[in-house]
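Right, one structure below, let's go through it.
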Amino acid sequence: MKLLSLFLLSALVVPISTCFSQQSSHEDFQEFCKSVEGRWIGSTTLVQDSPFGKKGDRVTTHFSSYMAADGHMLIGTYQAGEGTATWILSYHPGAKQINVHLTNSGGNYAEGTIAKENGKWTERTKGARPDGSPTTAVQVLTTTDDGETHTWKGSGTVDGKAIDDWATVWKRVYKQ
């Protein structure tokens, strides 16, 4: 009887939990990649000490991205202040998700997904700092000027504690 109860509980829980995970199509992946391809320049105020500078520093940001692996991966490089980062996106057909992997020059790592939520692209990541302290972030993209201006607004935690919200405004300087 316990086995039957466990089976019935898992049959109910698994479908409910999967309906809350955001799914995307390969076409969504292509749409998102096309929207961020190219070279961008922006600025942001750092909300915490990082490889890019000290909390409160206003830094100019540079982002460049291109498609790789015959259109199945987007590779983005990011420079700001004193640091760099690499952002890799790919589509996972089994999970139906746009996957994100990010590593920066300070040794921070994050992975997660990007999906359209309420009509806007939303990136959700979990990761760790070099000392192993866990991080989370949620960033939402708003596009204006026919897609030539991107504003990413985010919030997150480090070691379970909320950090200040941030925003980075990007202008496209070259479109692939």
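The values are calculated or read from the model by the stated rules, or taken from the named source; none is laboratory data. The model shown is predicted, which means the values in this text are computed figures rather than measured ones. As a convention, Cβ positions derive from the backbone with ideal geometry for all residues, glycine included, and neighbour counts pool all protein chains shown. SASA here: full protein model, heavy atoms, side chains in, ligands and nucleic acids out. Shrake-Rupley method; radii C 1.70, N 1.55, O 1.52, S 1.80 Å.
Observations, loosely collected:
- When residues of segment 22-40 are limited to those that are more than 11 Å from Met67 (Cβ to Cβ) and open to solvent by 70 Å² or more (accessible area, probe 1.4 Å), the one modelled with the lowest pLDDT: Gln22
- Among residues of segment 81-96 that are closer than 13 Å to Phe29 by Cα, those with a beta-carbon under 7 Å from a residue that is of a type outside the set (A, V, I, L, M) and part of a strand (DSSP E or B) at least six positions away or on a different chain give the pairs Ile88/His101; Leu89/Asn99; Ser90/Asn99; His92/Asn99.
- Of residues in segment 139-157 being in contact (Cβ under 8 Å) with a residue 60 or more places away in the chain and either surrounded by fewer than 17 Cβ atoms within 10 Å (Cβ to Cβ) or farther than 23 Å from Ser43 by Cβ (or both), the one farthest from the chain's Cα centre (by Cα): Gly147
- Looking across segment 41-84, the residues that are in a strand (DSSP E or B), under 21 Å from Gly107 (Cβ atoms) and among the hydrophobic types (A, V, I, L, M, F, W, C) come down to Val59, Phe63, Ile75, Ala80.
Okay, residues lined up against (1) among the charged types (D, E, K, R); (2) open to solvent by less than 30 Å² (accessible area, probe 1.4 Å); (3) closer than 19 Å to Gln22 by Cβ; (4) not in a strand (DSSP E or B):
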site: Gly107; (1), (2), (3), (4): no, no, no, yes
site: Gly112; (1), (2), (3), (4): no, yes, yes, no
site: Ala115; (1), (2), (3), (4): no, yes, yes, no
site: Arg124; (1), (2), (3), (4): yes, no, yes, no
site: Ala137; (1), (2), (3), (4): no, yes, yes, no
site: Thr168; (1), (2), (3), (4): no, yes, no, no
